[in-house]
Amino acid sequence: MSVISLDNFKKFNNEKELKFPGIETTWKVTFDDKYRTEAAFVASKIEKMYKEQQSSDLEDKLLAMTDSARKKALEKQLGDYKDACIEGINTLLHDGKAGQQLYDHFGHSTEVLAQIIEAINEAADKTLTLDNDRQALSKYDAEN
């Protein structure tokens, strides 16, 4: 009987430190099931807001408003979206000040915050992907 060694799993570490350019703070994040649940909730909340902003019903409502009312509604929408992104980053980094810190540092851009959330989730995907380990283990596969 042949033995397949799974030693590559010894190297697995789902804790990572995240650092952003120009910011002294380093955040330690554990990419585990709890993180995945939090990330899915943050993503669904932001996606829901985005879809609502893109709906034709909303567009019709906005066009029916006076200029000042439309401007106020759009400012509220963007403010709510910004707040959701800030709260999302706070949740993902487990730091109640992280979202605002990143928002202030990166030019008060909600779009940048959304991209940061995406980048954090991509880091989680990369951390949790065992493809490299699978490739290393394939050399022990008797069928190759």
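Here are the numbers for this structure:
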| item | result |
| --- | --- |
| Too-long pairs where the Cα-Cα distance tops 22 Å, listed order kept, from 28/97; 51/82; 97/126 | 97/126 |
| Extreme residue, positive dipole direction of the chain, given options 49, 123, 73 (C-beta unit charges) | 73 |
| Computed Rg/Rh of the stretch 13-92, alpha carbon atoms with Kirkwood Rh | 1.15 |
| Environment charge at residue 104 (Cβ cut-off 13 Å; Lys +1, Arg +1, Asp -1, Glu -1) | +2 |
| Footprinting exposure proxy for 78, 113, 18 (fewest neighbouring C-beta atoms within 10 Å first) | 78, 18, 113 |
| More than 22 Å apart - percent of Cα-Cα pairs taken over the chain | 54 |
| Expected 222 nm ellipticity per residue - DSSP helices of 4 or more, -39500 (n - 2.57), all of the chain, to 500 | -21500 deg cm²/dmol |
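Values in this text are rule-based calculations from the coordinates and carry no lab data. Fair warning: this is a prediction, and the values are worked out from it, not measured in the lab. Note: ideal-geometry Cβ built from the backbone for every residue, glycine included; neighbour counts use all protein chains shown.
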